[in-house]
Each structure stands twice: as structure tokens, then as C-alpha cells.
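One structure below.
The values are calculated or read from the model by the stated rules, or taken from the named source; none is laboratory data. Given the structure is predicted, the values throughout are model-derived calculations rather than measurements. Cβ: placed from backbone, ideal geometry, glycine included. Neighbour counts: every protein chain shown. Accessible surface areas use protein heavy atoms only, side chains included; no ligands, DNA or RNA. Shrake-Rupley method; radii C 1.70, N 1.55, O 1.52, S 1.80 Å.
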Amino acid sequence: MSFSKKAKSPTQPRAFCNRRRLLALLTPVFAIQSMGLTAFESVWPKEWFEPAMTASQLGIKRFYESPVLSPDLPLITQRLPNDPVVIVPLDSIGSYGGTARIIAEDLGMLFGREGLFIISADHKTILPNLAKSWHYSEDGRTLTVNLREGLKWSDGHSLTADDFLFATNDLLLNTQFLPNTPSLMRGLTLQAKDALTLVYGFPEPRPLFINFMAQSPELFMMPKHYFAAYHPRYTTPDTLKQRLDKIGFLNWSTFITNTGLQQRRIPELANQPSMGAFVPVSLTPSVSRYERNPYYFKIDPHGQQLPYIDAIDAEDVRDNAVAVAKASTGQLDFAGIRMPTQDIPLLKLGESNSGIKVNIWRRLHGNDVVIQANFNHANAKLRSLFWDIRFRRALSLAINRDEMNEIIYFGRGVPRQVTVIPESDYFEPYFATAYANFDLAAAHKLLDDMGLKDVDGDGLREYPDGSRLTLTVEFVATETPKQISMELVISYWKAVGIDVRLKQIDRGLQYARAIAGKMEMTVWHADRTTDILFPISPDFWVPRKLAASLSMWNQWSLWYMSNGHQGEKPPAEIRDLQAWADQLATSMDPAQRVRLGKKILGSNADNVWTIGTIGLAPHPVVISDRLKNVVERGLWGWDTRWTSPYHPATWFLAK
């Protein structure tokens with residue numbers, strides 16, 4: 001069969017057509033607006049983009065507290081830090097009271113993580129939080145951090161340098177606790193000048209270490225007065241065993257990982273000290289309750305201690321359909337994590353009679369579905385096929401992204417390659433558009449030039465030697481619409497004669513096969529596309545680590561990770577990527593970092609190391625009519641910990 005003629009667009013499955021009809025019916029009911037960050041800046045408080053002011057700077061001398069707090073507590077002036085941090089709410093000063101209803105996965109959305117630093121609402125600037133100030137040495141090898149005075153954990157114990165020394169020296173740098181030290185922490189040292197001054201040391205400049213600390217604050221501080229009782233350095237073996245046996249843990253490292261870092265809901269661990277706005281008071285398998293932290297260090301401009309909401313009831317809901325049903329019928333005050341794009345029409349229908357509002361945010365995923373070919377696969381034919389730039393460009397050009405966008409995302413996503421978000425300093429439009437146009441004729445020609453012909457007349461191409469060409473894409477159905485996306489992609493590829501099979505696997509198998517380099521092709525979603533995480537984790541563009549999300553170049557990653565002792569030495573163009581990433585991580589010159597980042601992203605645009613589909617997709621965030629001060633349009637994603645830049649401690653429940 002000849003492929004010289006233009007192929008017809010593949011017939012879409014019935015389910016896709018039904019979705020289109022549903023969308024047509026619901027179009028008058030809802031509208032999803034495209035957005036850019038500059039539009040947000042005009043309606044969000046300017047204070048969200050600057051270091052927070054303090055009570056003394058604003059002349060606030062009187063402080064107020066929720067009436068539900070126990071009269072047996074110390075006075076509020078004794079619970080607040082010496083100079084409380086002032087947070088400006090989005091719309092209005094809130095009132096105290098109420099219990100918010102959510103599902104457990106959204107807990108972090110209501111009180112986030114408090115650390116030394118926070119991420120600004122511009123999604124790129126690092127601001128002080130528990131830290132009062134910080135500075136790098138001129139050579140970038142020393143970071144000095146000054147803590148605010150008078151900060152306290154939720155049980156009233158003072159937050160001091162000891163809590164950071166414990167987290168870093170006794171846990172993160174302890175191979176009994178963390179056998180594989182994260183690359184950004186290798187060679188790290190931490191000392192304390194005094195109770196409020198931390199000095200981090202590095203073997204080479206690490207100007208972006210604060211990005212890591214701001215994005216994952218829970219790694220860098222732990223209440224030593226609480227967890228030392230479960231650490232072998234501070235507890236006798238017999239006592240430690242008795243304590244762990246009592247709460248059902250076999251070893252201390254598992255206990256601290258599950259409770260201190262991952263914050264699993266274990267009933268015996270209610271009232272664990274926290275710096276967050278809420279603390280756990282009842283942890284059960286079905287519903288957990290969190291109540292306001294009486295020692296929380298932030299206030300509003302009227303001197304009221306935050307948070308406004310008194311309590312949170314978090315229900316354990318495992319099924320996405322159940323979560324969507326609860327959100328759409330007004331049974332939740334906030335829902336985000338488990339809300340799929342595809343259910344926006346259903347959720348929007350609930351606005352008319354369920355007392356909810358569906359805000360449409362934009363996902364920070366640079367791409368919802370990143371298609372990866374395994375350049376290091378054991379099969380020599382596959383390696384040669386995937387390494388041929390004509391093949392990667394042909395597959396990309398054969399994808400009808402505009403049609404995908406209409407069918408899956410109601411036309412509100414952005415057809416693009418795998419790159420950073422447009423607000424990034426590292427972004428260039430070409431990075432998103434290169435080989436992302438739909439051009440079947442060009443795709444056919446590239447495949448023809450490779451000698452991939454249909455030998456037996458079945459409409460599918462064979463290798464130049466006449467042997468069968470069949471590819472398998474394995475995937476995990478998580479976070480983004482991977483299955484429906486890949487069903488469409490495979491139909492497009494079949495139209496140019498490439499036979500591809502789709503295979504869904506579970507997350508454990510994905511991890512094992514990705515790490516082992518066994519998959520021919522796989523897909524993931526591309527976060528790490530903001531100026532917070534891209535410069536420290538450019539892993540979709542550079543082979544530097546092994547992960548379930550990465551299956552392009554394991555052997556080259558092993559070579560890099562082992563300093564050439566394991567894996568395979570990469571080709572010159574891949575070594576360039578690795579060298580640029582190293583230079584980016586250590587350069588003290590911001591302009592030089594941007595130049596290096598653009599070289600990495602430009603290489604992906606030219607070489608199509610990964611194939612993108614749709615990015616910057618609409619994400620539904622459902623709130624009840626009574627929940628106030630929530631931004632109508634925001635950016636949603638792991639890079640900036642979802643709602644953290646929007647100060648959820650200032651949300652309140654209207655009476």
C-alpha cells in the first residue's frame with residue numbers, strides 16, 4: 001500500500017463523539033477563560049509578591065484570637081512570635097468559625113506547608129517565611145539563614161536551630177534513615193551560630209538550594225523535642241523498641257518517614273507538633289479532624305490570628321467518581337486534587353442547584369501527556385529507530401493536537417511540546433511549537449525517507465528489512481487524561497502506518513520497569529516547569545536520574561550518576577545537556593542560568609527528545625458558596641504546592 005496520498009483523519013471512538021455532544025449542550029452553562037499570570041497580578045494583593053510585612057512595620061499593637069480556643073492557653077501575645085507576620089487576604093477580612101469539609105487528599109490545600117521560605121504568587125520568586133532573612137556568600141558555598149524570634153510549634157515548644165539540625169544531620173544526611181542522599185544535598189553541611197542562625201555549607205556553589213527548601217519545606221525541619229524520642233541517637237534501644245511496638249512500627253526510620261515527612265493518618269499520632277495553620281486532633285481511617293493551631297505565627301491586617309476556619313473534617317475517599325459526586329452536590333467546601341478535567345461539565349451542572357462554584361485554574365504541567373521513547377532499550381532495532389531524529393519528528397507531526405484539545409480539553413488546553421510555562425524566564429515560544437504542527441504529508445515523507453515501507457499491504461509499515469514494526473506504550477492512569485490521550489495519539493500514528501499498542505499497568509510496575517529500562521515507550525505528565533523546579537530538576541530534558549516518570553535514557557543517567565562507573569557513556573549531544581545542567585545549578589549569575597536553561601530547552605525543541613501533546617490544561621477547583629477568599633483563577637501544580645501561594649489560612653466560611 002502506498003502512503004503517498006494524504007491519509008484520512010482517523011475515526012473517533014463513540015465515547016469521544018458523545019463528549020462533544022455533551023460539551024455542546026453545556027456550553028451555555030460554563031465558560032473557561034484563558035489566562036496569563038499578568039492578569040492575576042492586577043486582582044491579587046500586591047503584598048503576595050513581596051516579603052510579608054510584620055505587625056511592628058504596620059503599627060499593629062493589639063491581637064485577637066478565635067473564641068473557641070481554650071482559656072487555659074497562654075495569652076495570645078505569649079503564643080505569637082515577637083513580631084507576627086501579616087498576611088493580606090484576597091478580598092476581605094474574614095471572620096472566625098466553622099468546620100471545612102474536604103477529602104483527605106486536599107488537606108494540604110487548606111493549610112499547606114510552612115518552612116523557612118515560601119513561593120511568591122508569581123510562581124518564581126522565593127520569599128522569607130519562618131526565616132526573617134538570608135544571604136549567600138559571594139562564592140555561593142555558604143547560605144546563612146536568620147530565623148524569626150519567638151516562633152513556636154503547635155504544642156508551645158520554641159522553634160530553634162536544633163529542629164533544623166535534627167532534620168538535616170540526624171535524618172537527611174543519615175544513611176540509616178535515607179540510604180540515597182538526594183543530589184542537591186550531597187556534601188551538605190549544617191551548623192548553627194546560635195539558636196536563631198543557621199549556616200548551610202556546600203562543596204560547590206548552590207544558588208538554587210533555596211528553591212528546593214521552599215518547594216519541599218517538610219524535609220528541612222522537624223520538632224526535635226518530639227521525634228528525638230524515636231531516634232536511636234537520643235533513645236536507648238530497649239526504650240525505642242517499646243515505643244515503636246506500642247504504635248505498631250518495626251523500625252524508627254519507617255515511623256519518622258510515615259509521620260514526619262509523609263504525614264500519614266495514624267490514630268496514635270494525633271496532636272503531633274506542627275508549624276502549620278491546623279494540627280491533627282483525631283486521625284481515623286474514615287474521617288480525620290484537624291483544628292486550628294493556637295500558636296500559628298501569622299495574623300491578618302486587623303491583628304486577628306490566622307487561620308479563620310476553626311476545624312477541618314477530612315474524609316477518606318478512594319474513588320474519583322465518589323469524590324466528584326460529593327464535590328458536585330455541595331458536600332465538600334473545597335475539592336481539587338481528585339477533580340479531573342473531563343468532569344468539568346458535570347461539576348458545572350452542580351453550580352445551578354448545589355451551592356458550589358467551579359473555579360477553573362490552569363495546571364502547571366508543561367504537558368499533560370509526555371511521550372517517551374527508550375533510547376537505551378536492549379533491542380538494537382528499537383534503539384536505532386528511536387535515535388533517528390526523523391522518526392521522532394514524524395511521530396510528533398502526525399499528532400492532531402488541535403483535535404485532541406477540542407475532544408479532551410474543551411479547546412481550553414494549549415497544543416505544545418514539553419517545555420516550561422510561558423511565565424518562566426527560561427521560556428521561548430519556539431520551545432513549545434517546534435514540530436507540534438499537524439502535518440501528515442511531512443510525517444509520511446520522513447518515514448518514507450527512513451525506509452519504513454508497507455511491505456505486506458496491510459496499511460502498516462515494516463522495518464527496512466521487511467520485519468514487523470510494532471511498538472508498545474505502557475502507562476499508569478494517574479493525574480492527567482493519559483488513556484484517552486494515547487488512544488487518540490495511537491489512532492493518529494496508525495494513520496501514518498505505525499502500529500502501536502497501548503498497555504495500562506499499575507504504579508508499582510511502572511516504577512520497576514522504568515527504573516530497569518524495560519519499557520519501549522511510556523508516558524507521564526510534565527511538572528517541574530516553573531522557575532522553582534525546572535532549574536534544579538530539568539529531568540524531562542536531561543538524563544540525570546532514575547524515576548518512574550522517566551524512561552528515555554536510563555543507561556545515560558546511570559553513567560552520569562556514577563561518574564562514568566556504571567551505565568553507558570552518552571553521545572556528545574547528550575553529554576552537552578548534562579554539562580549545561582551542571583553549570584546551570586552552580587552559576588551565581590542569573591542571566592547565565594537563563595542562557596543555559598534555554599540551551600537545554602532549545603535542544604529538546606530541535607531534537608524532540610520527548611513528544612508533547614497538550615499542556616497548561618484547565619483544572620477544576622470546586623468550592624462551596626460559603627468558602628471565601630479563594631482565588632477564582634490560579635495556577636495548579638506540584639511545583640508551587642498547589643494553593644500555597646494563595647494563603648489558604650486566610651480563607652473563611654461565611655455564616
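Points to keep in mind about this one:
- Subset of the stretch 497-539 (residues that are among the polar types (S, T, N, Q), free of Cβ contacts under 8 Å to residues at least 40 places away in the same chain and not in a strand (DSSP E or B)): Gln510, Ser537
- Filtered residues of the stretch 405-430 (kept if over 30 Å from Asp122 (Cβ atoms) and either of a type outside the set (D, E, K, R) or touching an Asp or Glu at 6+ places or on another chain (Cβ under 6 Å) (or both)): Ile407
- Single unsatisfied condition, Val414 versus (1) open to solvent by 30 Å² or more (accessible area, probe 1.4 Å); (2) out of contact with any Leu (no Cβ under 6 Å at 6 or more places or on another chain): (2)
- Yes/no for Trp553 being more than 12 Å from Gly366 (Cβ to Cβ), under 24 Å from the mean Cα position of the chain (by Cα) and among the aromatic types (Phe, Trp, Tyr): yes
- Number of the exception - Phe202 against (1) in contact (Cβ under 8 Å) with a residue 12 or more places away in the chain; (2) more than 26 Å from Pro294 (Cβ to Cβ); (3) open to solvent by 20 Å² or more (accessible area, probe 1.4 Å): (3)
- Subset of the stretch 556-615 that is small (Gly, Ala, Ser) and free of Cβ contacts under 8 Å to residues at least 12 places away in the same chain - its residue that is surrounded by the most Cβ atoms within 10 Å (Cβ to Cβ): Ala579
- Hey, Trp638 on the phi > 0 side of the Ramachandran plot and either modelled with pLDDT under 95 or among the hydrophobic types (A, V, I, L, M, F, W, C) (or both) or not: no
- Test result for Tyr234, aromatic (Phe, Trp, Tyr), open to solvent by 50 Å² or more (accessible area, probe 1.4 Å) and within 25 Å of Val145 (Cβ to Cβ): yes
- Condition check for Asn405: open to solvent by 40 Å² or more (accessible area, probe 1.4 Å) and under 34 Å from the mean Cα position of the chain (by Cα): no
- Residue check, Ala591 out of contact with any strand residue (DSSP E or B) (no Cβ under 7 Å at 6 or more places or on another chain), small (Gly, Ala, Ser) and more than 30 Å from Phe386 (Cβ to Cβ): yes
- Selection of the stretch 317-333 for residues being closer than 11 Å to Ile102 by Cβ, of a type outside the set (Val, Ile, Thr) and in contact with a helix residue (DSSP H, G or I) (Cβ under 6 Å, 6 or more places away or on another chain) yields only Leu332.
- Test: residue in the stretch 55-76 that is open to solvent by less than 70 Å² (accessible area, probe 1.4 Å), closer than 30 Å to Pro280 by Cβ, at pLDDT below 95 and not in a helix (DSSP H, G or I): no
- Of everything in the stretch 417-437 that is polar (S, T, N, Q) and in a loop (DSSP other than H, G, I, E, B), the residue that is most open to solvent (accessible area, probe 1.4 Å) is Asn437.
- Contact map, the stretch 205-217: first residue more than 17 Å from Phe164 (Cβ to Cβ), second residue β-branched (Val, Ile, Thr) and part of a helix (DSSP H, G or I), Cβ cut-off under 6 Å, separation 6 or more or different chains; pairs are Pro205/Thr586.
- Count of the stretch 571-623 residues which are in a loop (DSSP other than H, G, I, E, B) and over 21 Å from Asn405 (Cα atoms): 5
- Failed criterion for Leu385 (all others in (1) closer than 16 Å to Val621 by Cβ; (2) part of a helix (DSSP H, G or I) hold): (1)
- For the stretch 239-257, the criterion of being assigned to a loop (DSSP other than H, G, I, E, B), touching a Phe, Trp or Tyr at 6+ places or on another chain (Cβ under 7 Å) and either over 30 Å from Val68 (Cα atoms) or at pLDDT below 90 (or both) is satisfied by at least one residue.
- Neighbours by Cβ (under 6 Å, 6+ apart or cross-chain): first from the stretch 281-308, at positive phi; second of a type in the set (D, E, K, R) and open to solvent by 10 Å² or more (accessible area, probe 1.4 Å): Gly303/Arg62
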